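To keep things clear, I will list the structure first and then write my remarks on it.
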Amino acid sequence: MIIDLHAHSTASDGTDSPAELMAAADAAGLDVVAITDHDNTGGWEPAILARPEQLTLVCGAEFSTVVAAPTGTVSVHLLGYLFDPQHPAIVAEQSRLRDERLHRGLAIVAKMVAAGVPISAEQVLDIAGGAPVGRPHIGRALVDSGVVSTVDEAFGSYLAGRGPYYVPKADTDLCTAVEMIGAAGGVGVIAHPRGRGEYRALTFDRIKDLADHGLGGLEVDHPDHDEAERAELRSIAARVGLLTTGSSDYHGHNKVLRLGQETTAPETLAELISRTSGVIVPVGPGDSPA
Ligand code: AMP
Ligand code: ZN
Ligand code: FE
Ligand code: FE
């Protein structure tokens with residue numbers, strides 16, 4: 001069983017449409033794939049409609065959250081699985097974040113334009129194609145305009161968190177987001193908890209507290225984690241009773257990763273599903289779309 005629980009489509013900042021993502025997952029030999037676009041569930045329906053018989057689809061999203069830490073606020077990504085996408089708190093927060101992403105994306109572009117970087121707001125919005133705006137969309141505009149040669153290169157310079165054009169966005173409080181996903185019948189798993197500076201906020205005590213508030217697991221096997229980080233996270237998860245998942249965080253050709261590069265054990269997926277209310281069930285062979 002090949003299970004990959006974290007993948008992006010054009011509903012956020014991936015380059016495969018939800019239907020293309022289903023085909024790519026099938027072609028990569030996956031048995032289960034989760035669609036987890038940033039801050040929205042717009043890819044669920046087209047993915048459900050395009051899913052090949054033999055592929056099980058887990059519907060989810062990657063929530064942008066923040067945690068206070070001694071060094072300032074730290075950005076943390078939270079994967080939510082199998083929650084009710086119509087839950088009022090989720091609908092309201094995702095709509096707020098969509099606006100927030102739009103204004104923040106336009107503010108980054110305005111700074112670049114003021115500095116003479118040859119891109120435009122119209123170009124970036126066109127690339128985003130209606131999806132909540134993310135830095136990778138701006139990165140593609142920078143590539144298209146010949147400013148950099150890859151999106152990855154853009155993240156090392158023009159889009160860097162400490163770079164001159166960076167503008168933060170007001171994300172959801174992490175613990176609030178964990179509770180919101182639980183209230184909507186789903187389960188939360190912290191995405192890449194050691195990927196990009198999250199260690200400053202995600203201490204053992206904080207993770208234990210989140211587990212007490214209903215967090216289901218930690219994404220341990222992620223391309224951004226080295227062996228020492230994986231071992232540390234596995235030990236924390238064992239001590240506080242959290243599940244450990246693995247996933248690629250596939251973004252199509254915005255990132256150099258392949259589907260199924262990191263995987264989750266079947267028993268872990270079964271356990272995760274058992275912690276959801278079943279409002280939305282994964283669509284497997286023979287099931288009708290929820
Ligand atoms: P944002 O959510 O707008 O702050 O942008 C962050 C997004 O950029 C996340 O989805 C990351 O997966 C993606 N990202 C981060 N670093 C890179 C990189 N080096 N190349 C491509 N995408 C990246
Ligand atoms: Zn992304
Ligand atoms: Fe992420
Ligand atoms: Fe992601």
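Quick notes
- Only one of the numbered conditions (1) in contact (Cβ under 8 Å) with a residue 60 or more places away in the chain; (2) within 16 Å of ligand 1 (Cβ to nearest atom) is violated by A89, and that is (2).
- Segment 163-200 - residue that is within 25 Å of V58 (Cβ to Cβ) and among the basic types (K, R) and, of those, surrounded by the most Cβ atoms within 10 Å (Cβ to Cβ): R194
- Exactly one residue out of Y81, Y158 is more than 10 Å from ligand 1 (Cβ to nearest atom), within 17 Å of D13 (Cβ to Cβ) and crowded, with 19+ Cβ neighbours inside 10 Å: that is Y158.
- Scanning segment 225-241 for residues that are under 17 Å from T65 (Cβ atoms) and modelled with pLDDT of 95 or more turns up nothing.
- Applying the condition of being away from ligand 4 (no atom under 16 Å from the Cβ) and assigned to a helix (DSSP H, G or I) to segment 176-200 and asking which residue is farthest from E227 (Cα to Cα) yields A183.
- When segment 121-167 is filtered for residues that are more than 25 Å from T41 (Cα to Cα) and β-branched (V, I, T), the ones remaining, listed by number, are V143, V147, V148, T150.
- Single residue of segment 125-136 satisfying the filter (more than 8 Å from ligand 1 (Cβ to nearest atom) and either surrounded by 23 or more Cβ atoms within 10 Å (Cβ to Cβ) or of a type in the set (F, W, Y) (or both)) that is nearest to A11 (Cα to Cα): A131
- Matching residues in segment 126-142 - criterion: being part of a helix (DSSP H, G or I) and in contact with a helix residue (DSSP H, G or I) (Cβ under 6 Å, 6 or more places away or on another chain): I127, A128, P136, H137, I138, G139, R140, A141, L142
- Residue within segment 201-218 that is within 16 Å of ligand 3 (Cβ to nearest atom), part of a loop (DSSP other than H, G, I, E, B) and either hydroxyl-bearing (S, T, Y) or surrounded by fewer than 24 Cβ atoms within 10 Å (Cβ to Cβ) (or both) present: yes
- Test: residue in segment 7-14 that is touching a Cys at 6+ places or on another chain (Cβ under 9 Å), modelled with pLDDT of 95 or more and either farther than 24 Å from L218 by Cα or surrounded by fewer than 19 Cβ atoms within 10 Å (Cβ to Cβ) (or both): no
- Close pairs (6 angstrom Cβ cut-off, 6 or more residues apart or separate chains): hydroxyl-bearing (S, T, Y) in segment 134-153, surrounded by fewer than 19 Cβ atoms within 10 Å (Cβ to Cβ) anywhere: S145/P118
- The selection criterion, being within 23 Å of the chain's Cα centre (by Cα), among the small types (G, A, S), under 24 Å from G163 (Cα atoms) and surrounded by fewer than 23 Cβ atoms within 10 Å (Cβ to Cβ), holds for G105.
- In segment 10-42, of all residues being touching a residue at least 40 places away in the same chain (Cβ under 8 Å), small (G, A, S) and not in a strand (DSSP E or B), the one that is farthest from ligand 2 (Cβ to nearest atom) corresponds to G29.
The values are calculated or read from the model by the stated rules, or taken from the named source; none is laboratory data. Quick caveat, the model's predicted, so the values are computed rather than measured. A quick note on method: Cβ atoms are made from the backbone with ideal geometry, for glycine too, and the neighbour counts reach across all protein chains shown.
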